[in-house]
Structure formats: structure tokens, C-alpha cells
Amino acid sequence: MQRLLIQLPKTAALRLLAVVATVLVARAEDAKPVSYYHDIVPVFKRSCTGCHHPGKLKGDFDLTTHAALKKGGKHGVEFKAGDPAGSRLIEEISGEEPSMPKEGDPLSKEEIALITRWVKEGASDDTPSDQLNPFKLTAPPVYPAPSVISALAYSPDGNILAVSGYHEVLLHKPDGSGLIARLVGESTRIESLAFSQDGKLLAVSGGAPALFGEIQIWDVTSHALLHSYKVSADSLYGVAFSPDAKRVSFGGADKSVRILAVDDGKELMKFDNHSDWVFGTLFTVDGKRLLTGSRDRSMKLINPENGQFIDDINKLLENVLCIARNPKEDVVIYGGEQGTARIYKIAENQGRTAANNDVNLVRELERMPGAIHAVAYSLDGAQVALGGIGGEVRVYKTADGARTMTLKGHEGAVFALAYNPAKPQIATGGYEGKIRLFDSAKGDLEKAFIPFPIKETQVAGK
Ligand code: HEC
């Protein structure tokens, strides 16, 4: 070798060295240990975690993280590092008729060999540290000033008022006397909030405009984030639970309407019949129909089982910015971009013909000063409250459409309204970042508070 090199011209010798080096690197690639993060996780994600994740623990076995995998399942540890033959994990996926995955295609020979080799090589975890918890705010958000409030919701028992913040939802005591919890998540903007009827879950829709849309499902008691489902590449709006809380519906800036299974995020329905952003979705009382409202001016009735379009229930008059259902019956109100709110029966009218036929219309309310961004029904369905660009909230009797109150004092637009289910009170929020609590029988302001922990910015040099 020595002599060969000496006899070769210098460039050729270097070239030869380069070739030898390449071959050695290639060998090293072959012998490289199997990577849990790059090789194994994608297989588990495709074939296993649908049944083995924290929200659905078949065999009490969670396959979504290395730590959970190591912990094992119902029958204890699933693998012995270095000993594939003695590992239940390998046993379950191998053989003529492997028992796992329980449904779907068995793993390929190559995949089984890869997992076997990984266990043999010690089953180590090479998850990059920044991926262990893909979203991490090192500290909860800090507010130099009140944030715009885009959504409000009371828990069904009236014990919690959920408020949209920046990167989080804040759970407040309903009288504004204190913060209960901060639900910090990945979405920078929260667009809508909904409690399940039993009050156990809170669904949040939001995202980061033009980046991602997200549905978060929170456990209201433990304040744990149960699920985060990334859907579409843009913000999501108008989240609603089905009556049994097994499904969530929502619309998007991508003009779609979707329904996901709450437990595993499976897309159960996608509806693409709107031609503009969809701001609101809701289920009928029996859960058998879905109603959506869009900037394309229509409210569409959909079969949530198969995504079949049934009918537009309204005449297309103005952009629909927000919708709410009467808690008692299948009646819906929308707030329009031109300032008019209209109440409709949610009914299938096969006889309805041309678009100029507004047969489901129950009542049109007086025009508000500017676009309506928030609408809410009182629990008994006797009142509706409307808020928007004009900065005042108006309350109407649904029976005859008469205005009963005007709630004033907001600085700037109102974007969120909610009726307290436990007492006659309305919460309002919007541009100024303040919650106002009004007596919904008399119209008096009972309390105003800033729901965000405001941190005074330090003055330089102090
Ligand atoms: C369709 C659902 C489903 C899928 C997909 C699935 N499993 Fe399972 N798994 C189960 C159920 C159910 C059990 C409980 C035992 C049983 O009934 O057989 C289980 C049990 C197990 C256990 C035993 C846990 C214990 O300690 O008892 C292992 C290991 C396991 N699964 C591994 C996997 C792997 C690896 C995959 C992917 C290749 C996978 N499973 C995919 C449903 C599933």
C-alpha cells in the first residue's frame, strides 16, 4: 500500500483515498444502529398508535412515546432490551398470523426485522430533545397589555368562564374573582370555545393564520390537554360538540367543514360545498343534522353521518359571521356582515325552490350599527344578545323581536358573548380585552375585569 501510494501521482493517490473513505462510510451506514425516532416511530404511528395512545389504551399500552413504551402494558414490560426473543412486543407482531396490529395489514418483514434489530441493539431512545415536547413555551404567555378577546364560554354548571387568550385559554371563576387555570397550547390565536354538554371536556379551535389549524380537547377537571389535532393549513372556527360529545365539528378558512372523532382525531366527515370561510357549525338537538354558516352567505344543512348536503336553509342575503342555536329547539340565529341578524327554523324544505324563497325565516331583527361578530341565546331561548363592530350589545326578545336592553361601555368592537347558565348574567368581551358582566334581566353592569395577568414592562435602567 505504502509503495503503491508512492508510485502514484499525488492527485490519483488522493482520489484513491477518497474512494476508500466513501466505502468505509457506506459500511458504517449499514452497521448504524436502528433509530427509534427515524425508523420505528413512523411504523408505530401508521400501524399501532390509533389503538395505543393516551386517549385509547388498548391492552393498557401506550405506544406514542419511548417512556410509555418502556413502561409496558397490561401484562407488564413489552420488551427486554437486547433480547427480542423474550419480548412480547416482537412476539405480538411476528409469526404467520401476528396478533398485532389487531386490525389492518400486518407489518412487513422488513419492518419486523427493523423492530427486532432495534430491541436487540438495546431499544434506545434517540428522540431529539426538542421533539420530546414539540411545543414548549418556556413560561406561560406574558401580557404587556390586554389581549383581544375572540371567544367566551361558560361551563354548563356555570362554575367556569373560559376566555380566549394569546397561546392559551384562561379559565376564570364566573364572578371574575380569580383565575382557575391557564390552558397553554400551540395555537397562537384561539377562535372558538365549546364545552361538552356534561361539562367534562372543553374543545378549542384556532391555529396560526396561514400556518396551521388546531383543535384542542382539554379535560376540564384536570386541566390536561387530552388531544391536539392539527387540521388544515389555516385557522379553524366555530367548534361544536355533538350531543354525546363523541364528535367535534368545525369550519375553516380553507372553506371546509369537518367532523373528527374526539378520542382519536379520526376524520369522520369532510364537507367542501362552501365557497368561502366557514365561521360556525352546530348540531341539531337530536344530533342528526349539522348546520354551518359561512361568509358565502349561506347556512347549510348537512347529514353528519356521510357529509351529504341537504339544503341551504336561508336566502343568501349577507355574509354569515356567527351563528347560535336556540338551546331548546332547532332554531338558529345568524349575525350578518351588514348588521342584520335573522332567525331561522332549521328545517328541510324539499319544496323550497329558487334562492329568493326564504321559507324558514322566522324573524329579522333591527339592523345593528355595523357587522355582527357575536351572538348568543339565553338558556331558555327567550333572549338573544348581539354584539359587533358598533361596540354595543343589544338584547332582544325572541318572541317578538323587540329590543329590551342596550349594554354600553365597550371600547371598540365586541367579538364574544356568553350567557351564564347559573344566573341571569351575560359576559361580553372584545377589542379592549376586558370582560364585562351584565345583569341580563336589568342590563346593569355588575363587574368589569381584565382576564389576563398583565405584566408591567420594566423601564430600562431600573
Ligand atoms: C385496531 C386496534 C389495534 C391496533 C391497530 C394495534 N393494537 Fe395492539 N392491542 C389491541 C388490543 C385490543 C389489545 C389488548 C389485547 C387483545 O385484546 O388482544 C392490544 C394489545 C397489545 C399488546 C399487549 C399489551 C399487554 O400488555 O397486554 C401489545 C404489545 C400490542 N398490542 C402491540 C401493538 C403493536 C406493536 C401494534 C402495531 C404494529 C398494535 N398493537 C396495533 C388493539 C390494537
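The figures follow:
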quantity	calculated
Pair list, Cβ < 9 Å and 6+ apart or interchain, from region 219-239 residues that are surrounded by fewer than 21 Cβ atoms within 10 Å (Cβ to Cβ) to residues that are basic (K, R)	D219/K200; T221/K200; H223/R182; S232/R258
Boolean, L282 is crowded, with 19+ Cβ neighbours inside 10 Å, assigned by TED's automatic domain parsing to the domain that holds L171 and at negative phi	yes
Hits in region 44-58 - residues which are open to solvent by less than 90 Å² (accessible area, probe 1.4 Å) and within 10 Å of the ligand (Cβ to nearest atom)	F44, S47, C48, T49, G50, C51, H52, K56, L57
Which numbered condition P146 fails, given (1) in contact with an Asp or Glu (Cβ under 8 Å, 6 or more places away or on another chain); (2) over 30 Å from S378 (Cα atoms)	(2)
Strands (runs of 3 or more DSSP E) within region 364-462 that include 1 or more residues at pLDDT 95 or above and surrounded by 21 or more Cβ atoms within 10 Å (Cβ to Cβ)	372-377, 383-388, 393-397, 403-407, 414-419, 425-430, 435-439
Extreme residue, nearest to K71 (Cα to Cα), among residues of region 81-113 that are of a type in the set (S, T, N, Q) and buried (at least 17 other Cβ atoms within 10 Å of the Cβ)	S87
Pair list, Cβ < 9 Å and 6+ apart or interchain, from region 66-94 residues that are more than 18 Å from C51 (Cβ to Cβ) and β-branched (V, I, T) to residues that are open to solvent by 30 Å² or more (accessible area, probe 1.4 Å) and within 8 Å of the ligand (Cβ to nearest atom)	V77/R88
Number of positions in region 164-175 that are within 24 Å of Q425 (Cα to Cα) and surrounded by fewer than 19 Cβ atoms within 10 Å (Cβ to Cβ)	2
Residue check, F279 without any contact (Cβ under 8 Å) to a residue 60 or more places away in the chain, touching a Pro at 6+ places or on another chain (Cβ under 7 Å) and under 26 Å from S378 (Cβ atoms)	no
Output for region 59-89, where each listed residue is assigned to a helix (DSSP H, G or I) and more than 10 Å from the ligand (Cβ to nearest atom)	H66, A67, A68, K70, K71, P84, A85, G86
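The values are calculated or read from the model by the stated rules, or taken from the named source; none is laboratory data. No experiment lies behind these values; they were computed from the predicted model shown. Counting neighbours? That spans all protein chains shown, and the Cβs are built from the backbone with ideal geometry, glycine included. Protein only, heavy atoms only, side chains kept; ligands, DNA and RNA dropped before computing areas. Shrake-Rupley method; radii C 1.70, N 1.55, O 1.52, S 1.80 Å.
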